[in-house]
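One structure is given here, and the rest of the page talks about it.
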Amino acid sequence: MSYDALFGKTAPALTLPNYTGESYTMTPGEDGLPIVLFFYPKAGSSGCTKEVCQFRDAIAEKAVWKTDKVRVIGLSKDSVEKQKAFVQKEKLTYPVLSDVHGEALKAYGVGRALLGLLPSARVTFIIDKKGIVRDALEATLDPAAHTKFVTGWLEKLEAEN
């Protein structure tokens, strides 16, 4: 299954350890907030650091990104320990989950990238307040594209309300 097979369907729920090792459950549509779920290849790499920091900064600076308007969740196949170091170093302000067994990657149809050299593609999903997958962006080589994509979608979702 590829990730675009989810468009128009209810997003899969997830329960994974967050960067503190505690269980984190994401149930799309449960709290009436849209969800930005983004998969990144490798904690601490230059592209992933750029991407996660752009998400952190957007939450701090842009009204449509405020935590009472949207839930932002990042995840990769990195261990809890590696995620914790990454979150602390970059002062991330949103949940970062550890998908070491690839359960979320499989549920969302996110595969390896760059001819299998990276553990996952860089994919960002937009899930609306009802829990429906509205769109996704796969831009493994362009970490900066993701915040622009999300901002456009958050503005569109806000206008729908």
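The values are calculated or read from the model by the stated rules, or taken from the named source; none is laboratory data. Every value quoted in this text rests on a predicted model; they were computed, and no experiment measured them. Note: ideal-geometry Cβ built from the backbone for every residue, glycine included; neighbour counts use all protein chains shown.
Brief remarks on what is shown
- Here is the figure for region 107-140: residues that are assigned to a loop (DSSP other than H, G, I, E, B) and out of contact with any Lys or Arg (no Cβ under 8 Å at 6 or more places or on another chain) total 13.
- Residues that are at pLDDT below 95 and among the β-branched types (Val, Ile, Thr), drawn from region 71-112: Val110
- Scanning region 37-48 for residues that are surrounded by 17 or more Cβ atoms within 10 Å (Cβ to Cβ) and farther than 21 Å from Leu16 by Cα yields a single hit, Gly47.
- A search for C-beta distances below 8 Å between a residue of region 94-106 that is assigned to a helix (DSSP H, G or I) and any residue that is among the small types (Gly, Ala, Ser) and surrounded by 14 or more Cβ atoms within 10 Å (Cβ to Cβ), counting only pairs 6+ apart in sequence or on different chains, returns Leu105/Gly111; Leu105/Ser120.
- Residue satisfying all of: in region 53-69; hydrophobic (A, V, I, L, M, F, W, C) and touching a helix residue (DSSP H, G or I) at 6+ places or on another chain (Cβ under 6 Å); farthest from Ala121 (Cα to Cα) among these: Val64
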